[in-house]
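Colleague: Next up is a structure, given as structure tokens.
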């Protein structure tokens with residue numbers, strides 16, 4: 001029987017985004033699960049020990065001109081489950097911000113593990129004052145309600161980039177820290193957690209050897 005979601009999250013606490021990426025690379029998952037272009041803006045800009053781990057709750061925005069796309073009832077932010085990572089997908093071009101201070105305040109009140117915006121954020125000072133972990137592509141000033149709207153929640157979303165073909169699905173595990181963001185597909189979590197500890201142990205042996213004056217070539221030959 002595979003691990004439960006809570007067991008996976010508990011085990012992931014011991015590792016960073018690079019460890020998870022190494023595990024995904026070990027089992028040949030594209031890009032090691034890395035989501036390019038998304039960085040930590042709050043509580044600090046790619047600094048400190050902030051780390052978020054949780055299952056993705058996705059929010060899909062569409063251009064406001066798209067009259068065919070579905071709509072949701074109520075406000076998306078009130079639907080965010082506790083302990084999950086709010087993952088927001090904003091259509092390009094990213095010129096308006098879809099996530100601001102009031103949304104951050106509500107997300108924190110609901111117990112969200114953190115926020116990832118595949119697009120622009122604003123009110124950065126407010127997010128930092130809350131200590132809210134917020135990752136995004138860029139920071140801007142203007143709200144997005146004139147150019148885009150929420151169409152669906154908890155549906156698969158594509159990463160908005162021409163560099164990767166990546167889909168983030170509800171329930172996938174998001175691991176994010178100052179190094180970047182990794183999406184761990186739910187169906188791969190057990191396999192990845194089975195290989196990460198060995199990979200970390202190997203790296204620790206290599207590090208000990210290098211500290212003791214051995215060459216990288218030497219320690220790699222012995223331990224890798």
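Read the figures in this text as sums done on the coordinates, not as results from a lab. For clarity, every value in this text was computed on a predicted model and none was experimentally measured. For neighbour counting, all protein chains shown are included, and Cβ atoms are generated from backbone atoms with ideal geometry for every residue, glycine included.
Colleague: Restricting to the range 5-185, what percent of DSSP beta bridges are antiparallel, rounded to 5?
Modeller: Numbers: 20 of 38 bridges.
Close to 55 percent.
Colleague: Given the options 111, 209, 33, state which has the largest fluctuation in a GNM of the chain using a 10 Å cut-off (strictly under) for Cα springs.
Modeller: Result: 209 has the largest fluctuation of those listed.
Colleague: Between residue 210 and residue 73, what is the label-point separation in nm under the 7 Å Cα-to-beta-carbon projection?
Modeller: 5.7 nm
Colleague: Next question. Determine the relative contact order of the chain: mean sequence separation of Cα pairs under 8 Å and six or more apart, normalised by residue count, in whole percent.
Modeller: On the way: 468 pairs, mean separation 64.6, N = 224.
Relative contact order of the chain: 29 percent.
Colleague: Restricting to DSSP H runs of at least four residues, report the calculated mean residue ellipticity at 222 nm for the chain, -39500 (n - 2.57) per run over all residues, nearest 500 deg cm²/dmol. It would help to have the intermediate numbers written out before the result.
Modeller: Details: 6 runs with 65 residues, N = 224.
Value at 222 nm, helices only: -8500 deg cm²/dmol.
Colleague: Can you tell me the orientation of helix 189-211 relative to the chain, as the angle in degrees between its alpha-carbon axis and the longest Cα principal axis, to the nearest 10?
Modeller: The angle comes out at about 50 degrees.
Colleague: Pick from 123, 19, 78: which is most flexible by mean-square fluctuation in a GNM of the chain where alpha carbon atoms under 10 Å apart are linked?
Modeller: The residue with the greatest mean-square fluctuation here is 78.
Colleague: Turning to a different aspect of this structure: Any chance you could give the angle, 0 to 90 degrees and rounded to 10, that helix 17-26 forms with the longest Cα principal axis of the chain?
Modeller: Helix 17-26 and the main axis of the chain meet at about 70 degrees.
Colleague: Now for a different question. Please give the Cα centre distance for the range 83-146 versus the range 2-52, rounded to the nearest Å.
Modeller: Between the Cα centre of the range 83-146 and that of the range 2-52, the gap is 19 Å.
Colleague: To the nearest 0.05, how large is the calculated FRET efficiency for residue 223 and residue 36 if R₀ is 25 Å and r is the Cβ-Cβ distance?
Modeller: Numbers: r = 30 Å, r/R0 = 1.19.
Taking R0 as 25 Å, the efficiency between residue 223 and residue 36 is 0.25.
Colleague: For the range 167-222 and the range 66-82, write down the distance between their C-alpha centroids in whole Å.
Modeller: Cα centroid of the range 167-222 versus Cα centroid of the range 66-82: 36 Å apart.
Colleague: So for 151, 4, 42, fewest C-beta neighbours within 10 Å to most, what's the order? Working shown, then result.
Modeller: Details: 151 20, 4 9, 42 25.
Fewest-to-most Cβ neighbours within 10 Å comes out as 4, 151, 42.
Colleague: How much of the calculated P(r) for the range 117-224 lies past 22 Å, in percent of all Cα pairs?
Modeller: Values: 3293 of 5778 pairs.
Value for the range 117-224: 57 percent of Cα pairs lie more than 22 Å apart.
Colleague: Work out how much length residue 187 to residue 5 would gain on full extension: take 0.36 nm times their residue separation and subtract the Cα-Cα distance, in nm to one decimal.
Modeller: Values: separation 182, 0.36 × 182 = 65.52 nm, distance 1.08 nm.
Using 0.36 nm per residue and subtracting the Cα-Cα distance, I get 64.4 nm.
Colleague: If I compute semi-axes √(5λ) of the Cα gyration tensor in Å from the structure I just sent, which labelled value in (1) 34, 18, 16; (2) 31, 18, 16; (3) 39, 21, 18 lines up?
Modeller: Calculated semi-axes √(5λ) of the Cα gyration tensor in Å: the matching label is (1).
Colleague: Over the Cα atoms of the range 1-83, each weighted equally, I'd like the Debye log10 I(q)/I(0) at q = 0.11, 0.16 Å⁻¹, rounded to two decimals.
Modeller: -0.49, -0.95
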